[in-house]
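The values are calculated or read from the model by the stated rules, or taken from the named source; none is laboratory data. In this text, all values refer to a predicted model and were calculated from it rather than measured experimentally. Please note: Cβ atoms are built from the backbone with ideal geometry, for glycine as well, and neighbour counts cover all protein chains shown.
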Amino acid sequence: MIDVVFLLIIFFLVASYFIRSEQSREVNLPVASKGQTDDISSPHRLTITIEPDGHLSVGGIQMTEKQIFRRIEDLNEAKPADGKQPEVRIRSDRNAQFGSIRTLIEHCAAHSIRSIRFAVTLPQE
């Protein structure tokens, strides 16, 4: 019985690690006074992180632009049964070049992904 409990503890520890790995790359998000909290977790969402040096990553794994584009195409092709639209969430460092953000937005638009969100931080008061 104790072995089963230890296995369950290990399972939950590993599962919680993988849940947190979506945003494992640290970036300084831009500040937006009109930002809203994002409490809706969409299973049909792709979160892309843009680092200050322009490197792209998904789920903490660094990828090339071509790999990211393929992930966007795959997101659009896998239509969910519940009818929800696919969503791309961009976590860009405030010092990143806008060119990489623009190419992501254009690629999403070319593949009929209309829901694009930007991760921001709210101003501290």
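Only one of the numbered conditions (1) under 22 Å from ILE105 (Cβ atoms); (2) part of a helix (DSSP H, G or I); (3) among the polar types (S, T, N, Q); (4) at pLDDT below 80 is violated by SER42, and that is (2). All conditions in (1) surrounded by 12 or more Cβ atoms within 10 Å (Cβ to Cβ); (2) over 26 Å from ALA32 (Cα atoms) hold for PRO52, with the sole exception of (2). Looking at region 70-79, can you tell me whether even one residue there is modelled with pLDDT of 85 or more and assigned to a loop (DSSP other than H, G, I, E, B)? No, there is no match, as no residue in region 70-79 is modelled with pLDDT of 85 or more and assigned to a loop (DSSP other than H, G, I, E, B).
Applying the condition of being of a type outside the set (Gly, Ala, Ser) and exposed (fewer than 11 other Cβ atoms within 10 Å of the Cβ) to region 95-112 and asking which residue is nearest to ASN76 (Cα to Cα) yields GLU106.
A Cβ distance below 9 Å, combined with a sequence gap of six or more or placement on separate chains, defines the contacts here; from region 98-122, residues that are among the aromatic types (Phe, Trp, Tyr) reach residues that are at pLDDT below 90 and assigned to a loop (DSSP other than H, G, I, E, B) in the pairs PHE118/LEU29; PHE118/PRO30; PHE118/ALA32; PHE118/GLY35.
Within region 1-39, the set of residues being assigned to a helix (DSSP H, G or I), modelled with pLDDT of 75 or more and of a type in the set (Asp, Glu) comprises ASP3 only. Of the residues making up region 60-69, those that are surrounded by 15 or more Cβ atoms within 10 Å (Cβ to Cβ) and part of a helix (DSSP H, G or I) are ILE68, PHE69.
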